[in-house]
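Rule-based calculations on the coordinates, nothing more; no lab input. Model, not experiment: these values are computed from the prediction. Cβ: placed from backbone, ideal geometry, glycine included. Neighbour counts: every protein chain shown.
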Amino acid sequence: MIEYSKRLTYIKSELLDLCTSSVNSQNRFHEYALLLQTHLKQYFYIDQSCFLFYEGEAALKPFYVHSSIKVDYQQLKKVYLMSYFSQQKVVEIANKLGGFSPFTHMIFIKENHFDKYGVVFIQSSPEWLTFSQSDFLEDFINCISKVFYLINEQMEIRQHENQYRKLYNMTDLFHSTMDIDFILENMLITIQENFPNFDVELILSNDQDRQTKLQIKPFDYLSERPTTIQAFVSGEITIEQAFDKDRCLLNVPINGRQAIYGILQVSAPISYVFSNAQKDFIRLLAHTSGNALENAKLYRQSHRLIRDLQLINETSHHLNKLLTLNEMFLFLQKQVIQHFQPMELCFVLKEGNEYNITEAATNFFKTEESGFYIEHVMKHFEGSQDSLFIADFSRIVGTDTPYKSMMVVPMIVEQRINGFCIVLHQEPYYFSFDSFKLMQSLIHHSSLAIANLILRNQLQEMVNQDYLTKLFARRYLDRFVESSLENDRSGMFLLIDIDNFKQINDTYGHQVGDEILVQMGNLLNKIIGTRGICARWGGEELAIYIPNISEDEAVNIATELLRSIPEATNPKVTISAGLVLWNHEHRPEFHSIFLQADTALYNAKENGKNQVCVYSEWMSSP
């Protein structure tokens, strides 16, 4: 017995020395297990031993194995194993506990009220069997259990100290940066450094900026696992045994003070049990990262809001200076491409009940394939004036499409849709929600300028156009002729008067007279087309002006009109006309060209009507 007392004293002394001399050691369990194995061999002649370490309710892993025997420790569970020990600390290995030959006994190592414990498998020796019957056995097991507890406590303190030091350093770094990439990257690095055997994935909500360089999975309510959605919605940690992945998933919300920005998903083997300390550390890491991410986002948003306001003000100011709708849409196209980087874009203008694609469109919208997208949008606007923000168009329509991200913003003025802008990108979830809100603001502010220009054009058209004949008005003709006399090299002015028009009105009535004017207006527009302009000079007098035309061609046109008008009118009428021709060598004054045409017309009337008279200087002689 004295011999056992001395042995136990040596064992305690060396274990105590292990506790005090290896404070900074990172492998204390290894040293503890190696020392215990040495003691078993030195004092009890045990050659074969194996150590298992239990943590939590069901997790099991070897903390040190130094044996030629391969132990199938995965078959052991806490409840199953504890049933063998009952109130004993040393038990024989039952026959039905297979896979542990040649071990004969198990030693239970656990300090009271400590949730971690170890099990030592040994191949007993005669010396051990004698010792196990002595009163020193309990003191031996209590000693190694106490040291096991102390070492574990020291290691946890050391581990927590290292973890929280890293967390403190990372927090300090986060407060000194507004770089979202840096924040997310360091969050992942910290997890991987502290838990190298875990896999980590960032799942960020769809309204986050897509400028990060890291591999980030967008949060999708339609495809995410229920436990991931629960963590995102509730802001609480969730754990799932994902048997389809053969993994245990820990979902930790990345939350700031104002919102939850995503999920930090940590993946471990399916049998793994996360300890409370691990969950607390990861939760604090995610929370710290969430606050830093929020600050960085708010900083970026403040700068983006300034840029957005500048963009809207600049665009509105520029649009109000442009004179044509085409110029407006082309300028808006340039702005949208620059700030949203779509792959395809077009502006569609509503005219009556039809939607027409403007020139401000990329090549895709000039193909038939684009009709699928346009029709979807038009159908949407039949019952709603809301903008469209679609992250995955393929999922919406139930078929694969070349472009999956879509934003559509209507141009609304006084509760009416005047058109819309549509942008596309082939990647799903390409456009952020912030981009969508900016595009809405940009189009809504631009809509008023576009509507005002449309109204101005309509008013100008009313001023420039004769209400009855739809020919240009006298004032527009004056401006056109004056400009041509200054800038063109030649021109013709033809002043037309309907012969005996008073007799037509007296015979058939003014309504028929008006109809004859409309018929003549249609014929003039058909013959002249876009070469020049046709105008109502006043009453039954009409006028034609064509710039850059030869004398022969001008005479031919006048002759054709003289012949065609009786055929195009009902009842038939004839005309008399005065024609003025000019070129750059003999450029008339603005007012004199009308006087000359009137003089030539007078000569045509005096010479029998139904003819064209070309002005000559002798006609103005007294």
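Odds and ends about this structure:
- Maximal additional length on extending the residue 197-residue 270 stretch stands at 25.0 nm, based on 0.36 nm per residue less the C-alpha distance.
- Charge dipole of segment 320-456 about the Cα centre (unit charges at C-beta), most positive-ward option of 426, 397, 330: 330
- Pairs exceeding 25 Å between alpha-carbon atoms, taken from 12/279; 12/41; 350/526: 12/279; 350/526.
- Taking the square roots of five times each eigenvalue of the Cα gyration tensor of segment 550-603, the equivalent ellipsoid has semi-axes of 26, 14, 7 Å, listed largest first.
- Tensor-based shape of segment 474-620 (alpha-carbon gyration tensor, a/c under 1.5 rounded, otherwise prolate or oblate): prolate
- Among 50, 19, the ranking by other beta carbons within 10 Å of each residue's beta carbon, starting with the fewest, stands as 19, 50.
- Dimensions in Å of segment 177-299 - Rg and Dmax from alpha carbons: 13.6, 42
- Virtual spin-label span in nm between residue 3 and residue 384, 7 Å along Cα→Cβ: 9.0
- Here residue 437 is the anchor, and the aspartates and glutamates within straight C-alpha reach of less than 12 Å, apart from those fewer than 8 places off in the same chain, are 207, 308.
- q = 0.13, 0.16, 0.17, 0.21 Å⁻¹: log10 I(q)/I(0) that the Debye formula gives for segment 320-456, counting C-alpha atoms only: -0.51, -0.78, -0.89, -1.42
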